[in-house]
Structure formats: structure tokens, C-alpha cells
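What follows is a short report on a single structure.
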Amino acid sequence: MSQKVNLNKIKLKYKRKYKYVVWILPSLFGLLLLSVYPRLQIFPMSLYKWSPVSSIKEYKGLHYYKMMFQYNIDNTLLYAKNTIMYIFFLFAIQTVLSFLLALALQKNTKHNRIFRAFFFLPMVFSSTMISLTWAYMYDPNLGIINALLGKLSVDGFPGFSFFQKNWMAVLCIVIVHIWANIGYPITILTSGLNTISEEVMEASRIDGANAWQSFWKITFPLMLPTALRLSLLTVSTGAMASDYIVMIGSRSMEKDYDTWAAVLYKGVLNSTDYGSLCAKCVVMFFVLAVFSLIQYLALRKVENAVLG
């Protein structure tokens, strides 16, 4: 009798599991058909010379990959270097700045709510409007930044070009990116800070811990999982950033600071040979996949070491 009861419990357990599987099957099918399958097509498409306006396809094999790493190696390395610089500047500046602002705006006061809305407000603007506005601000002769620095009698202003060197251009565009999107990490980090129990912080103060000790021994370890996962998003966002680069570049007419994603974006608009673009997408996919995996494993190791 007991064996029959156990068998019935097992059957009921598996029926419940299968019930949930049946519920998610339509969504899973839609995801595979409309999202995963089109993305997988980029691998065979990189082996052909083709155009979206023509049905003719010419098999090229690994020709486009050889073009990138043999004949156009200088451009390939330049775009890779700019992408790495973009990710580094974005990660370093946005991570530190958003954490400091989240600490400053942690308390749910009236003024802090106003400042949170202020930092989140640029996210409702279109990237086109933001890019064109900042492009005018960076203008060597008409830009407000040059004008203000000239009024302060700083040497070289106005008339200074912020895009004369590729590292400087990348940094200026990263500043635009951070200004437009810092509201999101501030919101995430502020929410994480508010989940820390006030009783724990009060106990640390009773034990004689100062503000720095409380932050380093309590706030930082408890916020580390949130910050690490946010850093993964920051790196992937920086690697795929293209809109600000393309649109600010349309004003400055510079090309030396294009990232890998910006080259692909421009190629979709101007190129008729989409096989080359697909090959670049494949290379970018594998580089980002390996880099993200290494970052994830490293961050997991750091998290385990800090949190035990």
C-alpha cells in the first residue's frame, strides 16, 4: 500500500512538472523561431557573397575571414583597440560614478527622489537627439564647452578639437554614453543598498565601526553580487555600443574612433556585400562569448572569495 502511495506521489510530481513545460512551449517555440534561429543563420551566411536586394549567392568559404586577418589587419586591430578602450572607459568611469551616486542618493528623502529622477531623465530622450546635442557641444568653434573654457582663459580654447586623437574621441563619446544611461545602474545599486538591513548597520555603529569600516566590511560585501552582475551588463553594453559613435561621427566626420559595433552598423547602411558583415559579426560573437565567460568565471571566484 505504501509503495502505491509513493508511486502516486511520484506520478503527481512529474505531472506537475510537465504541466509547466506545456505552458512555456509556445513562448519557447516563438523564441527559437523569431530570435535564436535568425541569429544562427549568420554563421552560414558569412560563407557567401550576397545582398539583401538580390537572390544570387556566391560561395566564398573563408574568404571574408582571411580578408579581416590578412589584408585588412590594420583596420581590424584599430576597431578592436577602440572597442577595448570604449569598454575600459565605460566600465571604470560608470562603475565608480554610479556607485558613489547611489550611496549619496540611498536615503529616500524628497531631495534624493528629485535627483534620482534628474539622473534617470536622459534615458527617455532618443539617442539621436542626445548625439546631435553633444556633437554641437563638442564643436571646436561653436560648442559651448570650448566657449566656456575660452571664457576661463584656458590655453587652446576655443578652437580645440576633442576628436583629434582616437583615445580622446572615444573618451568623449563614453561621457555621452554615461550621461545618457547612468540612471539605470544608479537605480539598480540604490535598490540593492536599500535591501541592506538597517539593524545590521546600527549594530556595526554600536560596535564602534566608523563610516568607512561599515562600508568596507558590510555594505561592499553585501552589494558585491549586484555590482558584479551589473559589470557584466556594462561590458556587454560597451562592446555593442554603436549609436552615439555613429551619430556623433556624422557631425565630426572622423573615422579613427569607430568601434567594431559601429563598423557593423555603418556597413548595414552602406554596404551591398553582407557576407563580409556576417563574418565580422561571427568574429565579434566568439570574442565576446569568450571574454564574457572569462569575466563571469573571474567574478564568481572574486565573489566566493569575498563572501565565503
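The values are calculated or read from the model by the stated rules, or taken from the named source; none is laboratory data. The shown structure was predicted, so the numbers you read here are calculated from the model rather than taken from an experiment. Neighbour counts run over all protein chains shown; Cβ positions are idealised from the backbone, glycine included.
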Checklist entry - Of all residues in segment 26-57, how many are touching a residue at least 24 places away in the same chain (Cβ under 8 Å), in a loop (DSSP other than H, G, I, E, B) and within 26 Å of the chain's Cα centre (by Cα)? => result 1
Item to check | Residue list for segment 60-80, restricted to those being within 20 Å of A169 (Cα to Cα) and either crowded, with 18+ Cβ neighbours inside 10 Å or at pLDDT 90 or above (or both) | outcome: T76, L78, Y79
Next on the checklist: Checking the structure you have, find out if any residue of segment 193-200 is over 23 Å from T109 (Cα atoms), out of contact with any strand residue (DSSP E or B) (no Cβ under 8 Å at 6 or more places or on another chain) and surrounded by 15 or more Cβ atoms within 10 Å (Cβ to Cβ).
Outcome noted: no
Checklist entry - Being part of a loop (DSSP other than H, G, I, E, B), at pLDDT below 90 and exposed (fewer than 15 other Cβ atoms within 10 Å of the Cβ), is that true of even one residue in segment 133-140? => result no
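Residues are listed down the side, and each one gets a yes or a no for (1) in contact with a Gly (Cβ under 8 Å, 6 or more places away or on another chain); (2) surrounded by 19 or more Cβ atoms within 10 Å (Cβ to Cβ); (3) without any contact (Cβ under 8 Å) to a residue 12 or more places away in the chain:
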{"residue": "W216", "(1), (2), (3)": "no, no, yes"}
{"residue": "S231", "(1), (2), (3)": "no, no, no"}
{"residue": "T259", "(1), (2), (3)": "no, yes, no"}
{"residue": "S292", "(1), (2), (3)": "no, no, no"}
{"residue": "A298", "(1), (2), (3)": "no, no, yes"}
Checklist entry - Of the residues V268, V235, V290, which single one is over 30 Å from Q106 (Cβ atoms) and touching a helix residue (DSSP H, G or I) at 6+ places or on another chain (Cβ under 8 Å)? => result V268
Item to check | Subset of segment 117-130 [under 21 Å from the mean Cα position of the chain (by Cα), assigned to a helix (DSSP H, G or I) and not aliphatic (A, V, I, L, M)] | outcome: F119, F120, P122, S127, T128
Checklist outcome for this item: Selection from segment 192-214 of residues free of Cβ contacts under 8 Å to residues at least 24 places away in the same chain, part of a helix (DSSP H, G or I) and of a type outside the set (A, V, I, L, M) yields E198, E199, E202, S204, R205, W212, Q213, S214
